[in-house]
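The values are calculated or read from the model by the stated rules, or taken from the named source; none is laboratory data. For clarity, every value in this text was computed on a predicted model and none was experimentally measured. Positions of Cβ are backbone-derived with ideal geometry, glycine not excepted, and every protein chain shown enters the neighbour counts. Calculation scope for accessible area: heavy atoms of the full protein, side chains included, ligands and nucleic acids excluded. Shrake-Rupley method; radii C 1.70, N 1.55, O 1.52, S 1.80 Å.
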Amino acid sequence: SAVISQKPSRDICQRGTSLTIQCQVDSQVTMMFWYRQQPGQSLTLIATANQGSEATYESGFVIDKFPISRPNLTFSTLTVSNMSPEDSSIYLCSVEGGLTWGGYTFGSGTRLTVV
Amino acid sequence: QKEVEQNSGPLSVPEGAIASLNCTYSDRGSQSFFWYRQYSGKSPELIMFIYSNGDKEDGRFTAQLNKASQYVSLLIRDSQPSDSATYLCAVSITGGNKLVFGAGTILRVKS
């Protein structure tokens, strides 16, 4: 399965600022997925990032708040913009494992606290 | 709205017993089903996936899928305290690669 390096692992940010989260995959993947996990909750998909095209956002998430870059097949960033305490969550990137393996692999997550 | 439902628990079982975790889903066209384990403060870890009706076994874990009834379950045999975690059921959405996650079931294995 793919190995994903995600950073930062955690951060404490002031409200109104922005944080960019990076995910690096050890193999080329077509799609990368960004999830949010709010405290005590399950995972909610924010957007799907394809290389060379605009990310596809899920209902309730907008590009101005969560801009995503996907410059190549092994890397993506998610920015959380103009943060408020409600953005305090764990943010995770994920990739599909491939036909021979199946399943989706997650990065180690970024624990964001907005104060 | 595609939904995946799980009993939040906690489900408490004694060490050595079988833990049974259940999940139902609303999208009848879903083809792929996954069970993830998540320890507190950690990211989800895939433990089983199943595509076909019936049972799939891997070590102490057995995934069961019944598409007609739209449920998928996970059995953990010989439960160990290290199995204590939140178990997330995830289902692929028809026609896409996206996963929808259930809220998770907290499992506690008591020694």
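When chain A is treated as a Gaussian network with alpha carbon springs shorter than 10 Å, the biggest mean-square fluctuation among A:Ser53, A:Ser18, A:Ser88 belongs to A:Ser53. Using the crude model of +1 on Lys and Arg Cβ and -1 on Asp and Glu Cβ, and no other charge, please compute the dipole size for the protein assembly as shown relative to its Cα centre, in debye to 20. The calculated dipole for the protein assembly as shown is roughly 220 debye. Across the accessible surface of chain B, with the other protein chains kept in place and a 1.4 Å probe, carbon and sulfur atoms take up 46 percent. Straight-line cross-link reach from B:Lys42 at under 23 Å between alpha-carbon atoms covers these lysines, not counting any fewer than eight positions away in the same chain: A:Lys7, B:Lys98, B:Lys110. Taken about its Cα centre, chain A carries a charge dipole of about 240 debye when Lys and Arg each add +1 at the Cβ and Asp and Glu each add -1 at the Cβ. B:Trp35 sits among other residues whose Cβ lies under 11 Å from its own Cβ, and their net charge, with Lys and Arg +1 and Asp and Glu -1, is 0. Ignoring solvent entirely, what values of log10 I(q)/I(0) come out of the Debye formula for the protein assembly as shown at 0.11 Å⁻¹ when each Cα is a single scatterer? Debye output, listed in q order: -0.55.
Short-range pairs are left out: with C-alpha atoms under 8 Å and at least six residues apart, the relative contact order of chain B is 38 percent. Here the gap between A:Asp64 and A:Thr30, fully extended at 0.36 nm per residue and compared with their Cα-Cα distance, gives a gain of 9.9 nm.
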